[in-house]
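**Student:** Below is one structure. I have some questions about it.
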Amino acid sequence: MKSILLFVSLSLITLSSTFAQSSEEQTLIQLSMDKWQWMSDKDVDKLDKLFDAKAKFVHMSGTWKKDEELDIIKTGRIWYKKATVKDTAVEISGNTAIVWNRITLDAVVREQVAVTEFTVTEVYQKQGKEWKMLALTFSSVRDTHQIKH
């Protein structure tokens, strides 16, 4: 009887842990999707709250910090018109999460239309009850590129 109770208890703990991680993964996926929309809408107020003060951004043309990324979005130097997300993977380790998005990005860069295939790596840290983005890196890939799950 004790071993049955122990088995049931351990199963419930494992199940609740799996559900909690799944819930956190869904939260991060939604946050990432919201971020793409905010970038498209040039909603720098929402992005400012999402990006950690020390966040870094790696693009094809350079690497910069939060303030410059927000200015680039606000002024339209890069307009992230539409990110079509084809696949997403999330891994959580403690208070750190990595979100990979396989996207086709329709953008306007320095008044030039650009449609580019990327795998985007986003690094988040749980600070209190909120996730903050620490890094965002665009990696140009072929349209056949796949994220390993």
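**Student:** Can you find a residue that is of a type outside the set (Gly, Ala, Ser), in contact with a helix residue (DSSP H, G or I) (Cβ under 9 Å, 6 or more places away or on another chain) and under 19 Å from GLN26 (Cα atoms) anywhere in the stretch 135-147? It would help to see each step written out before you state the result.
**Tutor:** The initial filter retains those residues of the stretch 135-147 that are of a type outside the set (Gly, Ala, Ser), namely 136-138, 141-147.
In the following step, the residues that additionally are in contact with a helix residue (DSSP H, G or I) (Cβ under 9 Å, 6 or more places away or on another chain) were identified as 136.
Checking the rest, the ones that are also under 19 Å from GLN26 (Cα atoms) come to 136.
Looking through the stretch 135-147, at least one residue is of a type outside the set (Gly, Ala, Ser), in contact with a helix residue (DSSP H, G or I) (Cβ under 9 Å, 6 or more places away or on another chain) and under 19 Å from GLN26 (Cα atoms).
**Student:** A further question on this structure: Give me the pairs: first residue in the stretch 22-47 and among the acidic types (Asp, Glu), second residue modelled with pLDDT of 95 or more and outside any helix (DSSP H, G or I), beta-carbon distance under 7 Å, and six or more apart or on different chains, which are they?
**Tutor:** So the pair list comes out as GLU24/ILE92; GLU25/VAL90; GLU25/ILE92.
**Student:** Quick check: is even one residue across the stretch 57-75 among the aliphatic types (A, V, I, L, M), surrounded by fewer than 17 Cβ atoms within 10 Å (Cβ to Cβ) and touching a residue at least 60 places away in the same chain (Cβ under 8 Å)?
**Tutor:** Filtering the stretch 57-75 for residues among the aliphatic types (A, V, I, L, M) gives 58, 60, 70, 72-73.
Next, only the ones that are surrounded by fewer than 17 Cβ atoms within 10 Å (Cβ to Cβ) stay: 58, 60.
Subsequent filtering for residues that are touching a residue at least 60 places away in the same chain (Cβ under 8 Å) retains 58, 60.
Yes, there is a match, as at least one residue in the stretch 57-75 is among the aliphatic types (A, V, I, L, M), surrounded by fewer than 17 Cβ atoms within 10 Å (Cβ to Cβ) and touching a residue at least 60 places away in the same chain (Cβ under 8 Å).
The values are calculated or read from the model by the stated rules, or taken from the named source; none is laboratory data. What you are looking at is a predicted structure, and each value in this text was computed from that prediction instead of being measured. Please note: Cβ atoms are built from the backbone with ideal geometry, for glycine as well, and neighbour counts cover all protein chains shown.
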